[in-house]
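Accompanying notes for the structure given below.
The values are calculated or read from the model by the stated rules, or taken from the named source; none is laboratory data. Everything numeric in this text was worked out from a predicted model, so none of it was measured. Cβ placement follows ideal geometry from the backbone for every residue including glycine, while neighbour counts extend to all protein chains displayed.
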Amino acid sequence: MQKSNSLLTKDEIELLGASLREIGQKLLKQANEEGLKRIWFQGEEPYFDIFFDLKDDKIIWFQFTFRGKSLSWDSKHRQIQTGLTNELKLDDVSFYAATKTIENDEKLDQEFMNLVKSILATRSQEKIFSQALLLFD
C-alpha cells in the first residue's frame, strides 16, 4: 500500500477520521466568555483529539493533537502553528491529561499539516470539519 505523506496509508487516515467521536458537553469545561462553545472529538487511538472553540457557529480556535504532535489555529493570529506535546514523554506528570503542554515548532511542520488536512477531509461532509479545512487556505 502506498504511503500518504510518508506517515500513514490512505486506509489508515480513513480509519482515524472515522474513529473520531464527539465527547459529551457535560464532560467539558466550557469557556467563561459569553456565546463561546467548546467541542471535543476524541479518536480511538491514544493521544488523538481535536478541540474546537466556536463563537456564533464559527471556529475561533482549534487544536489537533496526534501521537505527540500538535497543530493549532486561532482567529487572533490567523495562522497554523505546529508543535510537540509532552504526551509521549515518560515522566510522571505527563500521565495526567490536564498537564499537557505544547512546545511550538520554529518552522511549520508541513508534513504533519498535510496529515491533519487529510484526516479532517475524511469528515468534510460535517460542517465543523469543512470549516476547519477552510482555515488552511
Tell me which residues, restricted to the range 110-124, are in contact with a helix residue (DSSP H, G or I) (Cβ under 9 Å, 6 or more places away or on another chain) and of a type outside the set (V, I, T).
L115, K117, S118, L120, A121, R123, S124
Filter the range 33-44 down to the residues that are modelled with pLDDT under 90 and in a loop (DSSP other than H, G, I, E, B) and list them by number.
E33, E34, G35
